[in-house]
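Engineer: Take this structure, written in structure tokens, and hold onto it; I'll ask about it next.
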Amino acid sequence: MEKKIHQKEFQSKKTNLFIILSGIFLTNAILAEIIGVKIFSGELTLGWEPAGWTIFGDYILDFNLTAGAVIWPIVFIITDIINEYYGKKGVRKISFITAFFIAYVFFVIAGVTQLPPAPFWLDVNTPDVDGNAFNIDYAFNVIFRQGLGIILGSLTAFLLGQLIDVFVFQKLRKITGPKMIWLRATGSTLVSQFIDSFVVLGIAFYVFGNWSWAQVASVGIINYVYKFSVAILLTPLLYLGHYLIDGYLGKEVAEQMTKEASDDTSFL
């Protein structure tokens, strides 16, 4: 009887933790896709002048990033935590679920932008604060509607990055064992985000857009440097997450879960 209660408590904690981690993962991944249409200046945010570097010929490079990159490191951390406690199967499950809902969000947005605007809605939102004519329906469509290239690029890069991240993470875990969390976390991010940063830009703006390879490489480098640097800076949060989760699960349950997670190191 006591063994059954213990097993039931184990499954309950395991399920509850996965729901919480999945919720954080799913929310931030979808939010990053939606707000990613805004490009902001990293230099101006810090009060600096734009770098204006010349790279790959005549192309001017500044530290411009998508707004989605601001919260994307949270996805890195949650991916590594899910990987640590649930292994490849856990990361694969939430990755495919998230990809489905990202596609669903894009599908819904594409539909609602086709709805005819109510005349009063257009009237009450014009002019703007400077007295200029303003079409809020046009603004809504431009902000939320993304092209097929961006959608395909985002989904492809997301899934590919996640699968590579879990593969590298588990390979490093075989080498390090339960120690050196920072090494497998940063190592997997180093590899997966290099691919993610260039795949999404290559598909969205080179294959389907009009960017040159120089532009793809330049912006990809900035995105990659930012993502990897922030992932390193947030390493203490990864340890904090492990500490809180181990406290919630209990040492015995946590060790059992991490052992089960480390047993499967196959790619798919």
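Let's see how each residue does on (1) at pLDDT 85 or above; (2) touching a strand residue (DSSP E or B) at 6+ places or on another chain (Cβ under 8 Å); (3) aliphatic (A, V, I, L, M):
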| position | (1), (2), (3) |
| --- | --- |
| Pro116 | yes, no, no |
| Phe120 | yes, no, no |
| Asn125 | yes, no, no |
| Ala133 | yes, no, yes |
| Ala139 | yes, no, yes |
| Gly147 | no, no, no |
| Gly153 | no, no, no |
| Leu159 | yes, no, yes |
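Engineer: While we're on this one: Restricting the search to segment 36-95, which residues are farther than 30 Å from Tyr239 by Cβ and among the acidic types (Asp, Glu)?
Structural biologist: Answer for segment 36-95, where residues must be farther than 30 Å from Tyr239 by Cβ and among the acidic types (Asp, Glu): Glu43, Glu49, Asp58, Asp62.
Engineer: Among the strands (runs of 3 or more DSSP E) lying completely within segment 1-75, list those that include at least 1 residues that are open to solvent by less than 30 Å² (accessible area, probe 1.4 Å) and at pLDDT 75 or above.
Structural biologist: 39-41, 64-66
Engineer: I would also like to ask the following. Which of the residues that make up segment 149-189 are touching a residue at least 60 places away in the same chain (Cβ under 8 Å), under 17 Å from Gly87 (Cβ atoms) and surrounded by fewer than 21 Cβ atoms within 10 Å (Cβ to Cβ)?
Structural biologist: Hits for segment 149-189 are Leu163, Phe167, Lys171, Lys174, Pro178, Ile181.
Engineer: How many residues does segment 206-227 contain that are over 30 Å from Tyr85 (Cβ atoms) and open to solvent by less than 60 Å² (accessible area, probe 1.4 Å)?
Structural biologist: 10
Engineer: Still on this model: Output the residues belonging to segment 131-148 that are outside any loop (DSSP other than H, G, I, E, B) and open to solvent by less than 40 Å² (accessible area, probe 1.4 Å).
Structural biologist: Answer for segment 131-148, where residues must be outside any loop (DSSP other than H, G, I, E, B) and open to solvent by less than 40 Å² (accessible area, probe 1.4 Å): Ile136, Asp137, Ala139, Asn141.
Engineer: Applying the selection to segment 239-253, what residues are at pLDDT below 85 and surrounded by 15 or more Cβ atoms within 10 Å (Cβ to Cβ)?
Structural biologist: Val253
Engineer: Any residue at all in segment 94-116 that's under 26 Å from Lys174 (Cβ atoms), open to solvent by 50 Å² or more (accessible area, probe 1.4 Å) and part of a helix (DSSP H, G or I)?
Structural biologist: The answer is yes; a qualifying residue exists.
Engineer: Here's a follow-up. Output the qualifying pairs, or none if there are none: Cβ atoms under 6 angstrom, residues six or more apart or on different chains, first residue in segment 1-28 and under 25 Å from Phe158 (Cβ atoms), second residue modelled with pLDDT of 90 or more and among the hydroxyl-bearing types (Ser, Thr, Tyr).
Structural biologist: Close Cβ pairs satisfying both conditions: Leu26/Thr98.
Engineer: Here's something else I'd like to know. Which condition from (1) in a helix (DSSP H, G or I); (2) touching a helix residue (DSSP H, G or I) at 6+ places or on another chain (Cβ under 7 Å); (3) open to solvent by 60 Å² or more (accessible area, probe 1.4 Å); (4) not aliphatic (A, V, I, L, M) is the one that Lys259 breaks?
Structural biologist: Going through the list (1) in a helix (DSSP H, G or I); (2) touching a helix residue (DSSP H, G or I) at 6+ places or on another chain (Cβ under 7 Å); (3) open to solvent by 60 Å² or more (accessible area, probe 1.4 Å); (4) not aliphatic (A, V, I, L, M), Lys259 breaks only (2).
Engineer: Turning to a different aspect of this structure: Checking Asp128 against (1) part of a loop (DSSP other than H, G, I, E, B); (2) in contact with a Ser or Thr (Cβ under 7 Å, 6 or more places away or on another chain); (3) acidic (Asp, Glu): exactly one of these is not met. Which one?
Structural biologist: Going through (1) part of a loop (DSSP other than H, G, I, E, B); (2) in contact with a Ser or Thr (Cβ under 7 Å, 6 or more places away or on another chain); (3) acidic (Asp, Glu) one by one, Asp128 breaks only (2).
Engineer: Does at least one position in segment 80-89 carry a residue that is among the basic types (Lys, Arg), in a helix (DSSP H, G or I) and touching a helix residue (DSSP H, G or I) at 6+ places or on another chain (Cβ under 9 Å)?
Structural biologist: Yes - at least one qualifying residue is present in segment 80-89.
Engineer: Can you tell which of Ser192, Ser229, Ser197, Ser212 is in contact (Cβ under 8 Å) with a residue 60 or more places away in the chain and among the hydroxyl-bearing types (Ser, Thr, Tyr)?
Structural biologist: When all the criteria are applied, what remains is Ser212.
Engineer: Is there a residue in segment 235-246 that is out of contact with any strand residue (DSSP E or B) (no Cβ under 7 Å at 6 or more places or on another chain), outside any helix (DSSP H, G or I) and either within 22 Å of Glu43 (Cα to Cα) or hydroxyl-bearing (Ser, Thr, Tyr) (or both)?
Structural biologist: Taking every residue of segment 235-246 in turn, none turns out to be out of contact with any strand residue (DSSP E or B) (no Cβ under 7 Å at 6 or more places or on another chain), outside any helix (DSSP H, G or I) and either within 22 Å of Glu43 (Cα to Cα) or hydroxyl-bearing (Ser, Thr, Tyr) (or both).
The values are calculated or read from the model by the stated rules, or taken from the named source; none is laboratory data. Just so you know, these numbers come straight off a predicted model, no measurement behind them. We place every Cβ from the backbone using ideal geometry, glycine too, and count neighbours over all the protein chains shown. Please note that ligands, DNA and RNA were not included when accessible areas were found on the heavy atoms of the full protein model with its side chains. Shrake-Rupley method; radii C 1.70, N 1.55, O 1.52, S 1.80 Å.
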